[in-house]
Amino acid sequence: MIAVIDYDAGNMKSVEKAFQYLGEDVCITRDRKKIMSADKVVLPGVGAFGDAMERLKKYDLVETIKGAVSDGKPFLGICLGLQLLFDRSDEAPGVEGLGILKGSILRIPAQEGLKIPHMGWNNVKLMKESRIFHDLGENPYFYFVHSYYLKADKPEDVAAVTYYGTKIDAAVEHENVFASQFHPEKSSRTGLRILRNFAQL
């Protein structure tokens with residue numbers, strides 16, 4: 001069973017449908033027992049960092065998420081779900097993230113001719129062997145929608161980067177924790193392959 005964490009994120013249903021399309025047993029839940037008994041856990045996300053952390057606290061999900069990670073369950077953060085795994089974000093000064101991985105979420109710097117939010121397809125460059133990028137080649141394309149980006153403290157955690165006005169850490173892998181700034185559930189066959197690779201861990 002794959003548990004998709006329910007904290008009123010905008011892309012929960014699309015993530016659920018993508019896993020269902022792949023034939024996976026998946027549920028959307030905020031029930032601690034279901035999350036802790038799941039084989040794998042997904043933290044989706046669309047929206048604002050501060051609001052999302054507030055909802056995770058409201059639904060008593062912070063310790064549940066940390067517990068699932070410390071139990072060694074394969075854990076996947078998507079878009080805002082990636083950002084929440086880190087310490088802090090320029091989008092919500094003073095609000096602490098989950099702090100599961102080390103790094104900061106920064107605003108994409110404004111440049112003439114550069115549209116923010118970054119919305120569209122970009123290729124990523126793989127930085128290391130990554131289990132969720134298995135069989136995807138060196139420069140796969142994915143769909144992004146974001147105004148803030150990850151700058152990871154530990155380069156060894158970074159699985160893939162992309163460039164949009166600046167270098168963006170587009171995906172991470174650290175032990176049992178995986179996360180992507182792009183939306184695999186909206187990235188056609190390539191994105192489905194990411195989700196399949198994760199489901200097969």
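Once the Cα-Cα distance is subtracted from the 0.36 nm per residue extended length, the Glu156 to Gln20 segment shows a gain of 45.7 nm. Look at the alpha carbon pairs under 8 Å that are at least 6 residues apart: their mean separation over the length of segment 160-201 gives a relative contact order of 21 percent. Taking amide H positions as modeled 1.01 Å from N, with prolines and chain starts lacking one, the residues under 5 Å from Asp90 and 5 or more places away or on another chain are Ile105, Leu106, Arg107. Against the empirical curve 2.2 N^0.38 Å, the C-alpha radius of gyration of the chain lands at a ratio of 0.93.
Within the full protein context, the accessible area of Asp71 is estimated at about 100 Å² for a probe radius of 1.4 Å.
Using a probe of 1.4 Å, the accessible surface attributed to Thr29 totals some 10 Å² when neighbouring protein chains are kept in position.
Placing +1 on each Lys and Arg Cβ and -1 on each Asp and Glu Cβ, with no other charges, gives segment 1-144 a dipole about its Cα centre of roughly 100 debye. Measuring from a point 7 Å past the Cα of Met119 along Cα-to-C-beta, which residues in segment 1-41 have an amide N at less than 19 Å? Taking a point 7 Å out along Cα→Cβ of Met119, the residues of segment 1-41 whose backbone N falls under 19 Å are 10-12, 14. Most simply put, the chain has about 60% antiparallel DSSP beta bridges, counting only bridges with both residues inside it.
Counting only residues at least eight positions apart within a chain, or on another chain, the lysines with an alpha carbon under 29 Å from that of Lys151 are Lys13, Lys40, Lys57, Lys58, Lys66, Lys73, Lys102, Lys115, Lys125, Lys128, Lys167, Lys186.
Amide H contacts for Gly77 (H built 1.01 Å from N in the peptide plane; partners 5 or more residues away or on another chain; cut-off under 5 Å): Leu43, Phe178, Ala179, Ser180. Using the alpha-carbon centroid of each, what span in Å lies between segment 87-120 and segment 1-54? If we compute the Cα centre of each part, the gap is 22 Å.
The values are calculated or read from the model by the stated rules, or taken from the named source; none is laboratory data. In this text the structure is predicted, and so the values were computed from the model without any measurement. Don't worry about glycine lacking a Cβ; one is built from the backbone with ideal geometry, like all the others, and counts go over all protein chains shown. Heads up: the accessible areas ignore ligands, DNA and RNA and are worked out on the full protein's heavy atoms, side chains in. Shrake-Rupley method; radii C 1.70, N 1.55, O 1.52, S 1.80 Å.
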